[in-house]
Amino acid sequence: MRVIVVGAGVLGTMHAWQAVERGHEVVHLERESEARGASVRNFGLVWVSGRAAGEELETALRARELWEGIGAKVPGLWFRGNGSLTVVRTEAELAVAEQALLRPDAKERGYRLLDAEQTRAANPALRGKLLGALHCDRDAAVEPRVAQPALRAALEATGRYTFLPGREVREVVGENAVRDDHGQTHQGDLVILCTGAWLGGLVRELAPELPVRKVRLQMMQTDPLGESMPTSVADGDSFRYYPAFAGPALEELRAAQPQGPVAAEHKMQLLMVQRRDGGLTIGDTHEYDQPFNFDVVEEPYEHLAAVAEELLGRPLPRIRHRWAGVYAQCVDTTRVVHREQLRSGVWLVTGPGGRGMTCSPAIAETTAQLTNL
């Protein structure tokens, strides 16, 4: 079978991976020279801990398993099962962590509650004032800025994969074919469109009532920390963001400990993960109302830096990168992804939201099963 994949972000690349792994030939088109959207503007987190029970958690756990297997084949991903610590600094946050341990799927998620001493033993970089942390040993990380090139190199080595950058697809031609802006038609047995947050143009023509919205975020990266940070780190505000932590304790946290004005306005949580060069990727914010600002604003960065420094008990290294990104998210946020057959042999897969890096291997596997790849 010959498969045409449009979009070279992590979701499109994982669909190409699934097709090649199953013995098929892939032609992979990307309108940029490289993926430049949400797939490279993220933490590289494979994040299981906060996922909603049911399909979302099942998808994340399956993706975690697939990421580990792919990482063994593609060392350039720098996959590491480093786990995460959601640090608690108040009694109200501690109560949410304790509530999470009572979930029927707590063991499946790899939850355990650590006191302050155990938290610092798990991650000695955390020298700030804290009560403890919710540890999730199923969380992991990869390197987002090199993931797609590393995966493509492995795909190209099979001899059944062709990458065509700088090709914007303008038209779906009949069944199983697309025409790009060079006037070239690419014929296959199956076309899979993974166009990320590019929801206008051809996508709007093919799916005018697409139940997907855009979300904008701000993030930053530091110079090397100068020491190892063995786990990924979240703060107690992440309890407010992830559905696994919903319940009475969270409602009490919201009432007793409202977010500060900057964090509330920008719908913030702290996530922090160390890159291979030793720097820290830190974020993030959430903006839902379009049109989005075209600039980044400083107040969220100041808030994130202050929280990170409180947890680390030391000043952050110099901030060397700041950026904004936009990802596509299903309007119904309980849905993991929007997958739609547009016509015979042509599928659109989009809208995983902030779960894209985590869930893309399992999303692609499900697409392969549905399309009889």
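The values are calculated or read from the model by the stated rules, or taken from the named source; none is laboratory data. Here the structure is a predicted model, which means the values were calculated and not measured. Neighbour counts run over all protein chains shown; Cβ positions are idealised from the backbone, glycine included. For the accessible areas, the whole protein counts, side chains as well, though only heavy atoms, and no ligand, DNA or RNA atoms are used. Shrake-Rupley method; radii C 1.70, N 1.55, O 1.52, S 1.80 Å.
Just to be sure before I move on: is VAL20 surrounded by 15 or more Cβ atoms within 10 Å (Cβ to Cβ), in contact (Cβ under 8 Å) with a residue 40 or more places away in the chain and part of a strand (DSSP E or B) in the structure I sent? The answer is no for VAL20. Mind counting the residues in the range 186-200 that are open to solvent by 20 Å² or more (accessible area, probe 1.4 Å), under 28 Å from the mean Cα position of the chain (by Cα) and over 19 Å from ALA38 (Cα atoms)? Here the count works out to 0.
If you check GLU55, GLU32, which single one turns out to be over 16 Å from the mean Cα position of the chain (by Cα), surrounded by fewer than 19 Cβ atoms within 10 Å (Cβ to Cβ) and either under 26 Å from ALA324 (Cβ atoms) or of a type in the set (Val, Ile, Thr) (or both)?
On the way: GLU55 fails: either under 26 Å from ALA324 (Cβ atoms) or of a type in the set (Val, Ile, Thr) (or both).
Exactly one residue qualifies, and that residue is GLU32.
Close Cβ contacts (under 7 Å, 6 or more residues apart or on different chains) running from residues in the range 240-254 that are of a type in the set (Asp, Glu) to residues that are at pLDDT 95 or above comprise GLU252/ALA92; GLU252/ALA95.
Here are GLY313, GLY354, GLY345: which of them is open to solvent by less than 30 Å² (accessible area, probe 1.4 Å), touching a residue at least 60 places away in the same chain (Cβ under 8 Å) and of a type outside the set (A, V, I, L, M)? Walk me through how you get there before you give the answer.
Values: GLY313 fails: open to solvent by less than 30 Å² (accessible area, probe 1.4 Å); GLY354 fails: open to solvent by less than 30 Å² (accessible area, probe 1.4 Å).
Of GLY313, GLY354, GLY345, the one residue that is open to solvent by less than 30 Å² (accessible area, probe 1.4 Å), touching a residue at least 60 places away in the same chain (Cβ under 8 Å) and of a type outside the set (A, V, I, L, M) is GLY345.
Restricting the first member to the range 262-277 and to residues that are at positive phi, and the second to residues that are at pLDDT 95 or above and open to solvent by less than 20 Å² (accessible area, probe 1.4 Å), the beta-carbon pairs closer than 8 Å and six or more apart or on different chains are LYS267/THR285; LYS267/HIS286. Just for the range 123-145: of the residues that are over 20 Å from the mean Cα position of the chain (by Cα) and closer than 26 Å to GLY71 by Cβ, which one is surrounded by the fewest Cβ atoms within 10 Å (Cβ to Cβ)? Among them, the one singled out is PRO124. Applying the set (1) over 25 Å from CYS359 (Cα atoms); (2) in contact with a Lys or Arg (Cβ under 7 Å, 6 or more places away or on another chain); (3) buried (at least 19 other Cβ atoms within 10 Å of the Cβ) to LEU114 leaves exactly one unmet item: (2).
Which one is farthest from the chain's Cα centre (by Cα), of the residues in the range 157-185 that are assigned to a loop (DSSP other than H, G, I, E, B) and among the acidic types (Asp, Glu)? Write out each step before concluding.
Restricting attention to the range 157-185, the residues satisfying the condition of being assigned to a loop (DSSP other than H, G, I, E, B) are 157-160, 166-168, 173-176, 181-184.
So of that shortlist, the ones also among the acidic types (Asp, Glu) come out as 168, 175, 181.
Values: GLU168: 24, GLU175: 32, ASP181: 30 Å.
This residue is GLU175.
Of these, LEU342, LEU348, which one is part of a strand (DSSP E or B), out of contact with any Ser or Thr (no Cβ under 8 Å at 6 or more places or on another chain) and over 16 Å from ALA38 (Cα atoms)? Before you say what the answer is, go through the steps one by one.
On the way: LEU348 fails: out of contact with any Ser or Thr (no Cβ under 8 Å at 6 or more places or on another chain).
Answer to the selection: LEU342.
Listed by first and then second residue, the pairs linking a residue in the range 100-117 that is farther than 15 Å from ARG51 by Cα to a residue that is open to solvent by 20 Å² or more (accessible area, probe 1.4 Å) and part of a strand (DSSP E or B), with Cβ atoms under 9 Å apart and 6 or more places separating them unless they lie on different chains, are ARG112/HIS135; LEU113/HIS135; LEU114/HIS135. Selection of the range 268-291 for residues being closer than 13 Å to GLU143 by Cβ and either of a type outside the set (D, E, K, R) or open to solvent by less than 40 Å² (accessible area, probe 1.4 Å) (or both) yields VAL273, GLN274, ARG275, GLY278, GLY279, THR281. Scanning the range 211-267 for residues that are of a type in the set (S, T, N, Q) and farther than 24 Å from ARG109 by Cα, we see that the one that is surrounded by the fewest Cβ atoms within 10 Å (Cβ to Cβ) is SER228.
Determine, yes or no, whether VAL336 is open to solvent by less than 20 Å² (accessible area, probe 1.4 Å), part of a loop (DSSP other than H, G, I, E, B) and of a type outside the set (S, T, N, Q). Let's see the steps before the verdict.
Numbers: open to solvent by less than 20 Å² (accessible area, probe 1.4 Å): yes; part of a loop (DSSP other than H, G, I, E, B): yes; of a type outside the set (S, T, N, Q): yes.
So VAL336 passes the test.
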